[in-house]
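The values are calculated or read from the model by the stated rules, or taken from the named source; none is laboratory data. This is a predicted model, so every value here is computed, not measured. Counting neighbours? That spans all protein chains shown, and the Cβs are built from the backbone with ideal geometry, glycine included.
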Ligand code: AMP
Ligand code: MN
Ligand code: MN
Ligand code: MN
């Protein structure tokens, strides 16, 4: 029997800033040949039940996940929680705390955009936010595209909503230690998401990985949509040196907004210990 697996552990639905319903995401992943899928919405677990049902009916192994927003040394860092118990109360309380800050931040983003001459952004973003508890920058970006200020979402992020540009605001997300301990407390594996995307120099990156391990982090996302081959090899090597497991995830957000569809990623380099080994081996938790 052909047992080649296609494992994709980082995907979004419209419960956060993705475009598809959880069941639609699972259908797309299944049609791409994904055998194991994690839904990892930002700061919310509301899509997991629908996705799990769809995965079950399509014969896809489903992993419950979440992507937790963290502020570390004034940088926004994302920590994936994989294979979590999505009913664990401390994790749920922590995520609720993060979500409660999002609306107030959205109001500040809208005020900054208004100063730059773009009005109605809060209402506009909310029209794109399927889940009003998660208003995220892509919802603003979609509104800015609608208003004709940029061609598409990536073009918005070149001119707006990022440090130094109109519509950017500082925000304080969860502490790294809290995010990691909520995930572990819910039986999950904390994985440092897309490390190649942070603007950190080599020594700050080392410090981030040191502190992540110190806090109880267990894995690094080695293969993800925007990592170059050099970054894949660099983070694979870092994972091996630091005794961390390696993850593979597309960070898919929806048609037209993502470079890669679910499952369309290169494999992990062979020296890596795949994070999915931890599902069956609690000594790796
Ligand atoms: P937020 O959690 O509200 O700060 O929104 C963060 C999300 O914005 C990320 O998860 C991405 O989906 C999206 N994003 C951030 N930077 C970019 C970028 N440069 N291009 C496209 N999407 C981006
Ligand atoms: Mn996102
Ligand atoms: Mn992320
Ligand atoms: Mn993501």
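For this structure, a couple of remarks:
- Selection within segment 23-42 - in a loop (DSSP other than H, G, I, E, B) and within 13 Å of residue 84 (Cβ to Cβ): 40, 41
- Yes/no for residue 126 being assigned to a helix (DSSP H, G or I), away from ligand 2 (no atom under 16 Å from the Cβ) and either without any contact (Cβ under 8 Å) to a residue 40 or more places away in the chain or assigned by TED's automatic domain parsing to the domain that holds residue 254 (or both): yes
- Flag if residue 191 is within 16 Å of ligand 1 (Cβ to nearest atom), within 22 Å of residue 240 (Cβ to Cβ), touching a helix residue (DSSP H, G or I) at 6+ places or on another chain (Cβ under 9 Å) and outside any helix (DSSP H, G or I): yes
- Looking only at segment 26-44, and only at residues there that are buried (at least 24 other Cβ atoms within 10 Å of the Cβ) and out of contact with any strand residue (DSSP E or B) (no Cβ under 6 Å at 6 or more places or on another chain), the one that is nearest to residue 184 (Cα to Cα): 41
- Yes/no for residue 144 being more than 16 Å from ligand 4 (Cβ to nearest atom) and not assigned by TED's automatic domain parsing to the domain that holds residue 48: yes
- Residue within segment 256-275 that is more than 16 Å from ligand 4 (Cβ to nearest atom), closer than 25 Å to residue 152 by Cα, exposed (fewer than 13 other Cβ atoms within 10 Å of the Cβ) and touching a residue at least 60 places away in the same chain (Cβ under 8 Å) present: yes
- Within segment 59-80, not a single residue is within 16 Å of ligand 4 (Cβ to nearest atom) and part of a loop (DSSP other than H, G, I, E, B).
- Flag for residue 47 being within 13 Å of ligand 3 (Cβ to nearest atom), in contact (Cβ under 8 Å) with a residue 12 or more places away in the chain and crowded, with 24+ Cβ neighbours inside 10 Å: no
- Being touching a strand residue (DSSP E or B) at 6+ places or on another chain (Cβ under 9 Å), over 26 Å from residue 103 (Cα atoms) and more than 15 Å from ligand 3 (Cβ to nearest atom) holds for only one residue in 200, 208, 284, and it is 284.
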